[in-house]
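The values are calculated or read from the model by the stated rules, or taken from the named source; none is laboratory data. Note that this is a predicted model, so its numbers are computed, not measured. In this analysis, Cβ positions are derived from the backbone assuming ideal geometry, glycine residues included, and neighbour counts consider all displayed protein chains.
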Amino acid sequence: MPIMSISQLYQQTIKLHNDNPVGYAPDFVATIEEEGYNPSCGDELTLSLCIDAQGEISPIGFTADACAICKASASLMCEHSLNKHAQQLLIDIEVLSEAIRLGHDIPFENLYCLGQVSRHRSRINCALLPWQTLAQAIRKSLRSEMEKSNA
């Protein structure tokens, strides 16, 4: 069996997650919804999720009118985020965003293929839109929880 190049792995993963996205069209009642928009590509994404009392994400899903890279990235995000602590995800998102923007290796094995996006500068925002939208949703939720505890 021939060894697959990183570029081939990237293309295969994007196709797989675009064709069969994890978390697409969620069928649960979300406690948090956040919309994201990428004006450079026209991608639109609505993220739906719940954060439990321990701060873990479960469940998470999305709907999108978006390019294959954005949709695949959202699918990978759903896989990566499920049952993870919201605070840790904020760190993961920062690390991932920096690695993609600077063309560094992605330190998360399940997201390694996203590193290839940095070779296509015009597609970076497509790949990062779901992650940025998740970060916004988490921050809003944390602010809301702090406001409730201070009231």
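Pull up segment 42-87, narrow it to residues that are without any contact (Cβ under 8 Å) to a residue 24 or more places away in the chain and among the acidic types (D, E), then point me to the one that is farthest from C126 (Cα to Cα). Out of the qualifying residues, it is D52. Taking the conditions (1) closer than 19 Å to E35 by Cβ; (2) in contact with a His (Cβ under 7 Å, 6 or more places away or on another chain) in turn, L111 satisfies each one other than (1).
Which residue, of E56, E34, is acidic (D, E) and surrounded by fewer than 21 Cβ atoms within 10 Å (Cβ to Cβ)?
Working: E34 fails: surrounded by fewer than 21 Cβ atoms within 10 Å (Cβ to Cβ).
It is E56.
Selection within segment 60-112: residues that are surrounded by fewer than 24 Cβ atoms within 10 Å (Cβ to Cβ) and among the small types (G, A, S). The member of this set that is nearest to L142 (Cα to Cα) is A86. Annotation: of all residues in segment 113-140 being surrounded by 15 or more Cβ atoms within 10 Å (Cβ to Cβ) and modelled with pLDDT under 90, the one that is farthest from A72 (Cα to Cα) is S118.
Identify the residue in segment 37-53 that is hydroxyl-bearing (S, T, Y) and surrounded by fewer than 20 Cβ atoms within 10 Å (Cβ to Cβ) and, among all such residues, is farthest from S141 (Cα to Cα).
Applying the first criterion (hydroxyl-bearing (S, T, Y)) to segment 37-53 yields 37, 40, 46, 48.
Filter once more, keeping what is surrounded by fewer than 20 Cβ atoms within 10 Å (Cβ to Cβ): 37, 40, 46.
Values: Y37: 19, S40: 27, T46: 16 Å.
Selected residue: S40.
For segment 3-59, residues that are part of a loop (DSSP other than H, G, I, E, B), within 24 Å of R119 (Cα to Cα) and of a type outside the set (V, I, T) total 7.
Please work out if P21 is of a type outside the set (D, E, K, R), free of Cβ contacts under 8 Å to residues at least 60 places away in the same chain and farther than 15 Å from H80 by Cα.
Considered against the rule, which asks whether it is of a type outside the set (D, E, K, R), free of Cβ contacts under 8 Å to residues at least 60 places away in the same chain and farther than 15 Å from H80 by Cα, P21 comes out as no.
Residues considered: L90, L142, L111. Of these, the only one that is part of a helix (DSSP H, G or I), in contact (Cβ under 8 Å) with a residue 12 or more places away in the chain, aliphatic (A, V, I, L, M) and within 22 Å of N18 (Cα to Cα) is L111.
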